1. In contact with an Asp or Glu (Cβ under 9 Å, 6 or more places away or on another chain) and surrounded by 20 or more Cβ atoms within 10 Å (Cβ to Cβ), is that true of PHE373?
2. Looking only at region 1-37, how many residues end up being farther than 30 Å from GLY64 by Cα, of a type in the set (D, E, K, R) and touching a residue at least 60 places away in the same chain (Cβ under 8 Å)?
3. When region 19-76 is examined, which residues are found to be touching a Leu at 6+ places or on another chain (Cβ under 7 Å) and over 23 Å from PRO287 (Cα atoms)?
4. Would you tally the residues in region 278-294 being over 17 Å from HIS348 (Cβ atoms) and touching a Lys or Arg at 6+ places or on another chain (Cβ under 9 Å)?
5. Do you know which residues across region 430-460 are part of a helix (DSSP H, G or I), in contact (Cβ under 8 Å) with a residue 40 or more places away in the chain and open to solvent by 90 Å² or more (accessible area, probe 1.4 Å)?
6. For SER317, are the conditions met, namely being surrounded by fewer than 23 Cβ atoms within 10 Å (Cβ to Cβ), small (Gly, Ala, Ser) and within 21 Å of the chain's Cα centre (by Cα)?
7. Go through (1) assigned to a loop (DSSP other than H, G, I, E, B); (2) buried (at least 19 other Cβ atoms within 10 Å of the Cβ); (3) of a type in the set (A, V, I, L, M, F, W, C) and name the single condition LEU131 misses.
8. Looking at VAL97, is it in contact with a Leu (Cβ under 6 Å, 6 or more places away or on another chain) and either open to solvent by less than 10 Å² (accessible area, probe 1.4 Å) or assigned to a helix (DSSP H, G or I) (or both)?
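The values are calculated or read from the model by the stated rules, or taken from the named source; none is laboratory data. Being a predicted model, the structure only gives us computed values, none of them experimental. Counting neighbours? That spans all protein chains shown, and the Cβs are built from the backbone with ideal geometry, glycine included. Quick note on the areas: whole protein, heavy atoms, side chains included, nothing else; ligands and nucleic acids left out. Shrake-Rupley method; radii C 1.70, N 1.55, O 1.52, S 1.80 Å.
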Amino acid sequence: MPARTGEQFLKGLADGREIWVGNEKVSDVTDHPAFAGAARGLAGTFDLQYEHADDCLMPDPETGEKINVSHMIPRSKADLMQRHKGLQRAAEYTVGVMGRTPDYMNVTYAGFAGRPDEWGANGNERGAENLVNYQKFLRRNDMSLTHTFIQPTVDKAEGDAPKPGTTVSLRKVGESEHGIIVRGARILATLAPFADELAVYPGAPLLPGTDDYALAFCIPMNTPGLKFICRDSCAGSLNSFDHPLSSRFDEQDAFVIFDDVEVPWDRVHINCNMDVYNQVMWTGWFPNIMQQTMIRAQTKLEFAWGLATRMAESINSVQPGTAQMLGEIWTFAELARSAVQAAEDNAHDHGNGVWFPQGAPLVALRASLPYWFPRVNEIIRLVGSHNLLAAPTAAQFADPKLRPLIEEFMHGAGDVSAETRARIFRLAWDFSGSALASRNEQYERFYLASGARNQQLAHRLGERARADRLVDRFMTEPYSDADISGGAAKKSKKVGQAA
């Protein structure tokens with residue numbers, strides 16, 4: 001089938017999955033107040049691909065049906081630039097607030113399917129074949145896919161990787177005629193209430209003797225035994241005036257429990273193959289997927305700069321300190337844009353004829369964002385000050401007796417009306433200070449690991465050839481006996497005395 005519409009997407013969510021939020025088992029996520037706004041917001045990303053079909057859609061290479069460009073397996077720099085357009089459309093729709101729109105996993109699995117040689121290593125040919133077939137299923141049915149690849153935290157002193165015999169982490173516990181049986185837990189399934197399928201794939205490397213934990217597969221969200229425990233909702237309401245972002249972009253996060261779940265054989269991509277599990281994510285995965293996520297991050301930074309600037313202008317805040325802080329956000333946005341462009345401009349064949357962006361600029365950006373986004377929120381709150389807490393609601397504007405007073409006493413500078421001022425500050429608060437803003441800041445702090453871990457990784461992955469050459473110039477230059485004895489220094493002193 002061709003790419004879906006928003007209506008088709010919403011209908012697909014009524015599949016009997018087991019979603020819990022608070023004390024409720026939710027039967028219909030499209031109607032529940034914790035999820036309805038985000039379900040509709042996400043449906044907009046499916047409609048978007050038809051509204052901007054030239055940027056977002058492409059023909060399936062085998063069937064010719066229209067599919068989202070995020071499913072492309074890029075074979076050239078031109079392909080990456082075509083994919084960039086579609087990824088940017090999705091990022092602009094959510095202004096980067098949703099980190100796990102479906103294009104994220106689409107890009108991920110397109111990258112996986114482009115390297116079946118890596119997935120098929122060490123006798124895993126069947127798993128690689130299953131993965132390639134799954135990617136075709138994913139793109140041709142325009143599925144919304146979520147994922148869970150992090151081991152649950154139990155005892156940090158014991159490390160992040162599960163030990164042999166650990167019963168909390170997801171592991172294989174048996175086989176049936178139809179597939180493997182898995183039990184345990186994984187985190188953090190962002191987008192879980194709004195996905196059609198769940199992916200499990202490698203995260204951090206596993207320890208020797210934990211082969212049963214080396215698993216990768218994809219299954220429907222309504223698979224018997226799957227349970228999703230959601231965090232508290234950050235959706236303030238469905239009122240887009242009062243809560244312009246949290247009313248539609250709370251993508252949710254869920255702890256996933258696998259209660260003796262059967263995974264069909266044709267859905268298994270790694271079956272206790274430790275060598276493949278520990279290696280397959282360390283080559284082309286990160287430069288491929290980070291094209292999507294860094295376009296998303298750059299868009300969010302540029303939105304933040306525009307929002308903070310509009311907020312300052314609404315109250316005529318022209319102090320040098322304000323301009324400096326606004327310039328700080330612009331700097332983050334421009335550095336992010338430049339990193340993405342550099343990565344795309346230097347794209348190359350990563351093997352098997354698959355083209356991904358250059359990794360180094362994206363690694364540097366990935367290591368910086370956990371520090372930039374909290375600072376952006378701080379700047380918005382500093383510039384906004386108490387005004388962020390003094391913005392009338394839609395209901396207050398609707399009151400015929402109250403509105404004239406609001407318009408008289410709560411307008412902005414110049415010709416900025418009270419309603420415009422309120423909309424700006426409510427948007428700024430929802431972005432930087434609301435429950436959704438707090439969740440998103442936590443998300444950015446630990447996105448694809450913490451800033452500290454990413455900086456350590458950046459150091460280990462850095463290409464040292466030029467840096468070493470610059471240092472070696474001084475470390476290898478010849479020196480004389482005079483340098484050792486200090487003769488040159490004594491000679492200089494005598495010359496000075498003679499003068």
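1. yes
2. First, pick out the residues of region 1-37 that are farther than 30 Å from GLY64 by Cα: 16-37.
Adding the requirement that they be of a type in the set (D, E, K, R) leaves 17-18, 24-25, 28, 31.
Within this subset, residues satisfying the condition of being touching a residue at least 60 places away in the same chain (Cβ under 8 Å) are 17-18.
Within region 1-37, residues that are farther than 30 Å from GLY64 by Cα, of a type in the set (D, E, K, R) and touching a residue at least 60 places away in the same chain (Cβ under 8 Å) number 2.
3. Passing the criteria: VAL29, THR30, ALA36, GLY37, ALA39, ALA43, GLN49, LYS66.
4. Looking only at that region, the number is 4.
5. If the condition is that a residue be part of a helix (DSSP H, G or I), in contact (Cβ under 8 Å) with a residue 40 or more places away in the chain and open to solvent by 90 Å² or more (accessible area, probe 1.4 Å), then ARG445, GLN455 are the ones that fit.
6. It is false that SER317 is surrounded by fewer than 23 Cβ atoms within 10 Å (Cβ to Cβ), small (Gly, Ala, Ser) and within 21 Å of the chain's Cα centre (by Cα).
7. (1)
8. yes
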